[in-house]
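The values are calculated or read from the model by the stated rules, or taken from the named source; none is laboratory data. In this text the structure is predicted, and so the values were computed from the model without any measurement. For neighbour counting, all protein chains shown are included, and Cβ atoms are generated from backbone atoms with ideal geometry for every residue, glycine included.
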Ligand SMILES: [Zn+2]
């Protein structure tokens, strides 16, 4: 039985805790040394019963948790996880006795429980009464937010934040049943992982809502929501006709319409892939107005989303929103099997969760709507991964987790994107059906339990044992392979292949590394349908080619199915532009070469020669990639004259098509054409400086801000940003006023990005200052700073602003942001800017060790840019002036 706990004041609590602290333990009692990260195996939780009293408008909450335990051996006491909780009482029922614990403070992550006599091994039951505070700034632990003047309380526990809501054994390997009850206001809705099974009144204005006992779950997947929500009934879905609901802020039920429409289909497609029904008895999707450091969370039965990912005002619902929800929804629902049903044993295998969900989202959206999910999105993710993985400071996919900050920065492109790309590579090796069967075996073997990377490899390897070795070589080592290929036609045509780690910032031999890598090639003179494939197992190998004549061209890694970069000697790169490449082959090739160029490892002028014909390619996805490559090269140019010539080159090759497409989507445009417009129009307007498109963007933006009712549709973001890039005070004022008034968080987000794009120095300063104003929520408005850091022209000015304002800024932003904020400097490209960046962030990293990795990575990225500029700028300058350097 649980009871409602009345809140007590901090003063009363302080007395209480000190009384507990001085309870004399029995003679000679010793608590083991405080753990540094993990709790060890002396005590194991078997089941939790949790009661929380949550009134979102209050400062804090009260809790009572009862834990069935198994003590592995006799002991005087033990450590648990708890962060900033005020324990009032802790009593252990063991061996027929009720023993009151003395609480030993254990810093930020732990509390020690020390008992008056030695505890026997075996079962015991621990009950702790405590209280805690809601954060109104952070979005981890239990926190509260306002929407439409009403307060709501939410939870976010991954990775190590359940300990902020209840004392517990907060590690993923302990999966136990949970029986939760919430004491809430009578007029509030309370939700958790399972359905409410009973409700009873407590006094005049409270009620207790009891939830069904859960399947075995780890602490990090427990979730709650309390407030005056709208609950939208979404019918049922899947083999077991599971009920679906959408939990959204009061009065906003209509905004969940699209999610309600397609979620059943997303669930059914996933059931089909996994070969088993959705594993839990219900599926609620809940909106959180603002989230920091996460977009959505896969709590079993209660997935939470940043509201702009789940909800859209009917008049603003566009293709971008629909595709985003289909993608994020697929990711989170896939986690219900991969992560929830089968959970990693420890955080070093976080990649098992995230790589898989990333990869599965692509597959599921492709099955949901093939037009949306062509190869472009997964290719983009592969490029992102290689961009991060070319650093000497890159993490491994499976990085040991030995300190808390290792988990904080494990949620990066390596875990998500590289992991996803590596899964694609081995799926290609095994074949789609063989891979799917391995996934099904893995889920069956470990259902409702835990598993490791080895378990996953073994389940796949049932069909191909050599695969586990290849997989491990990519998962256990950092870095992206660079495979140099040299064509040898002295006898029967052959390729000499040599692999090493691609490390553009290091020239000291640190790149000697090799992988077991499946390598495929398309070769001139061969059947186009079937690439030639082999497995590279050592650092250097000679491979005979299945052709009789010396080929005119060789395309390594067709469609980017392999996770590596490559270069071919002995055939001219330019011949590839004339080769009959499929669209996805051209896209991957251009992407790889662009990364090499921007790392100073391939001549930029040769790339531009290649890009030029693709810019006019009739296939929209190919022209789009050409536009992206041209855009990515721009920061290499620092001289005004070169930038002007580059603008002319851009207009010359891309201008006509941009003007034909125009700013706004047209009825009947294919998805590929819409995406081409999104890349091409900003390129020609911003970098190309096209005067007519610039004026149009300005007029459209001003019209939209005045409420003229011009629908910008899917081009909303691009129109606003390109207008702001060239914007004046009139546009700035209109945007700054609109962003303060807007009640649409998605629109605000786009307006903040636009505000970070203004290049006029005075306007840029005003945009930065807005983040410190009381009129905005700094967590949202910091998008201005993030976006300025992404813009080559604004990145140096941002550092100047931060040098003077960092302290004021940190007062307004949650600490958890510091793990990512150092990335705001990664687009700097001069030695002077690098120095200023170090002065701003260096001293703060000491305070926030979670930021150390992104800080080191930003510095290395800056070094690569400086090196690339040095290697490319003269060549590029001569090329643009029509006086190119040969060779
Ligand atoms: Zn995920």
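I'm checking my understanding of the structure. Among residues of region 296-306 that are in a strand (DSSP E or B) and in contact with a helix residue (DSSP H, G or I) (Cβ under 6 Å, 6 or more places away or on another chain), which one is farthest from the ligand (Cβ to nearest atom)? Ranking the candidates gives 303 first.
Condition check ((1) modelled with pLDDT of 90 or more; (2) under 18 Å from residue 617 (Cα atoms)) across all residues:
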site: 553; (1), (2): no, no
site: 557; (1), (2): yes, no
site: 571; (1), (2): no, no
site: 584; (1), (2): yes, yes
site: 595; (1), (2): yes, no
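Here residue 235 fulfils each of the conditions (1) in the same structural domain as residue 151 (by TED's automatic domain parsing); (2) farther than 27 Å from residue 149 by Cβ apart from (1). For region 443-462, the tally of residues that are assigned to a helix (DSSP H, G or I), out of contact with any strand residue (DSSP E or B) (no Cβ under 7 Å at 6 or more places or on another chain) and touching a residue at least 24 places away in the same chain (Cβ under 8 Å) stands at 4.
Per-residue answers, yes or no, for (1) crowded, with 18+ Cβ neighbours inside 10 Å; (2) free of Cβ contacts under 8 Å to residues at least 60 places away in the same chain; (3) farther than 30 Å from residue 250 by Cβ:
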residue: 80; (1), (2), (3): yes, no, yes
residue: 84; (1), (2), (3): no, no, no
residue: 96; (1), (2), (3): no, yes, yes
residue: 134; (1), (2), (3): yes, no, no
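The set of residues in region 535-561 being farther than 24 Å from residue 590 by Cβ, more than 33 Å from the chain's Cα centre (by Cα) and not in a loop (DSSP other than H, G, I, E, B) consists of 540, 541, 542, 543, 544.
Among the residues of region 106-133, which ones are part of a strand (DSSP E or B) and in contact with a helix residue (DSSP H, G or I) (Cβ under 8 Å, 6 or more places away or on another chain)? Those that are part of a strand (DSSP E or B) and in contact with a helix residue (DSSP H, G or I) (Cβ under 8 Å, 6 or more places away or on another chain): 131, 132.
With the condition kept exactly as written, say whether any residue in region 251-259 is without any contact (Cβ under 8 Å) to a residue 24 or more places away in the chain, surrounded by fewer than 23 Cβ atoms within 10 Å (Cβ to Cβ) and farther than 21 Å from residue 743 by Cβ. No - not one qualifying residue is present in region 251-259. When residue 350 is tested against the conditions (1) in contact with a strand residue (DSSP E or B) (Cβ under 8 Å, 6 or more places away or on another chain); (2) under 19 Å from residue 271 (Cβ atoms), the lone failure is (2).
Condition test on residue 293, is it within 13 Å of the ligand (Cβ to nearest atom), within 17 Å of residue 225 (Cβ to Cβ) and assigned to a loop (DSSP other than H, G, I, E, B)?
no
Of all residue pairs spaced 6 or more apart or on separate chains, those with beta-carbon atoms under 7 Å, a first member in region 698-712 that is surrounded by fewer than 18 Cβ atoms within 10 Å (Cβ to Cβ) and a second member that is assigned to a helix (DSSP H, G or I) are 702/731; 702/734; 710/700; 710/703; 710/704.
Among the residues making up region 329-380, those that are within 16 Å of the ligand (Cβ to nearest atom) and assigned to a loop (DSSP other than H, G, I, E, B) are 336, 337, 339, 340, 341.
Is one or more of the residues making up region 424-437 within 16 Å of the ligand (Cβ to nearest atom), on the phi < 0 side of the Ramachandran plot and under 19 Å from the mean Cα position of the chain (by Cα)?
No, there is no match, as no residue in region 424-437 is within 16 Å of the ligand (Cβ to nearest atom), on the phi < 0 side of the Ramachandran plot and under 19 Å from the mean Cα position of the chain (by Cα).
Checking residue 89 against (1) closer than 24 Å to residue 181 by Cα; (2) crowded, with 16+ Cβ neighbours inside 10 Å; (3) over 32 Å from the mean Cα position of the chain (by Cα), which test does it fail? Failed condition: (2). Taking first residues from region 336-354 that are within 17 Å of residue 409 (Cβ to Cβ) and not assigned by TED's automatic domain parsing to the domain that holds residue 442 and partners that are modelled with pLDDT under 95 and within 12 Å of the ligand (Cβ to nearest atom), no Cβ contact under 6 Å between residues at least 6 apart in sequence or on separate chains turns up.
I need the full set of residues from region 336-351 which are buried (at least 21 other Cβ atoms within 10 Å of the Cβ) and over 14 Å from the mean Cα position of the chain (by Cα), in order please.
Kept after step one, since they are buried (at least 21 other Cβ atoms within 10 Å of the Cβ), are these residues of region 336-351: 336-344, 347, 349-351.
Residues satisfying the conditions are 336, 337, 338, 339, 340, 341, 342, 343, 344, 347, 349.
Restricting 270, 309 to residues that are outside any strand (DSSP E or B), closer than 15 Å to residue 745 by Cβ and modelled with pLDDT of 95 or more narrows the list to 309. For region 797-811, indicate whether the set of residues that are buried (at least 20 other Cβ atoms within 10 Å of the Cβ), assigned to a loop (DSSP other than H, G, I, E, B) and outside the structural domain of residue 403 (by TED's automatic domain parsing) is non-empty. No; the residues of region 797-811 include none that is buried (at least 20 other Cβ atoms within 10 Å of the Cβ), assigned to a loop (DSSP other than H, G, I, E, B) and outside the structural domain of residue 403 (by TED's automatic domain parsing). One residue stands out in region 273-290 among those that are under 15 Å from residue 335 (Cα atoms) and part of a strand (DSSP E or B): the one that is farthest from the ligand (Cβ to nearest atom), namely 284. Restrict the check to region 385-399 and report whether at least one residue is in a helix (DSSP H, G or I), within 16 Å of the ligand (Cβ to nearest atom) and surrounded by 21 or more Cβ atoms within 10 Å (Cβ to Cβ). Scanning region 385-399 turns up at least one residue that is in a helix (DSSP H, G or I), within 16 Å of the ligand (Cβ to nearest atom) and surrounded by 21 or more Cβ atoms within 10 Å (Cβ to Cβ).
Can you spot a residue in region 521-533 that is assigned to a strand (DSSP E or B) and without any contact (Cβ under 8 Å) to a residue 24 or more places away in the chain? Taking every residue of region 521-533 in turn, at least one turns out to be assigned to a strand (DSSP E or B) and without any contact (Cβ under 8 Å) to a residue 24 or more places away in the chain. Just one of the numbered conditions (1) modelled with pLDDT of 95 or more; (2) assigned by TED's automatic domain parsing to the domain that holds residue 432 is not true of residue 330: (2).
Considering region 307-328, and only residues there that are farther than 17 Å from residue 373 by Cβ and crowded, with 20+ Cβ neighbours inside 10 Å, the residue that is farthest from the ligand (Cβ to nearest atom) turns out to be 312. Count of region 234-244 residues, restricted to those that are closer than 27 Å to residue 183 by Cβ and either buried (at least 20 other Cβ atoms within 10 Å of the Cβ) or more than 29 Å from the chain's Cα centre (by Cα) (or both), is 1.
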